[in-house]
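Worksheet: the structure to be examined is printed underneath.
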Amino acid sequence: MSAVIFSPASAYLLGTAFLGMGLKAFADPESSYELFGLPRQTQTTSFGVL
């Protein structure tokens, strides 16, 4: 039987990429809306929508 050697490097790279995207979303949430194609939230006041 041949042994399969598993390298966790790809999992670390993918996890680091997602962590970076998450931290960037906290720092600049407006760019995340554009990146993922989400509709932006409307700003409301006591008089209605701006």
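The values are calculated or read from the model by the stated rules, or taken from the named source; none is laboratory data. Computed from a predicted model, the values in this text were never measured in an experiment. Virtual Cβ from ideal backbone geometry, glycine too; neighbours counted across all protein chains shown.
Here are some notes:
- Restricting the first member to segment 12-38 and to residues that are free of Cβ contacts under 8 Å to residues at least 24 places away in the same chain, and the second to residues that are exposed (fewer than 10 other Cβ atoms within 10 Å of the Cβ), the beta-carbon pairs closer than 7 Å and six or more apart or on different chains are TYR33/ARG40.
- Residues being of a type in the set (Phe, Trp, Tyr) and at pLDDT below 80 - total across segment 1-32: 1
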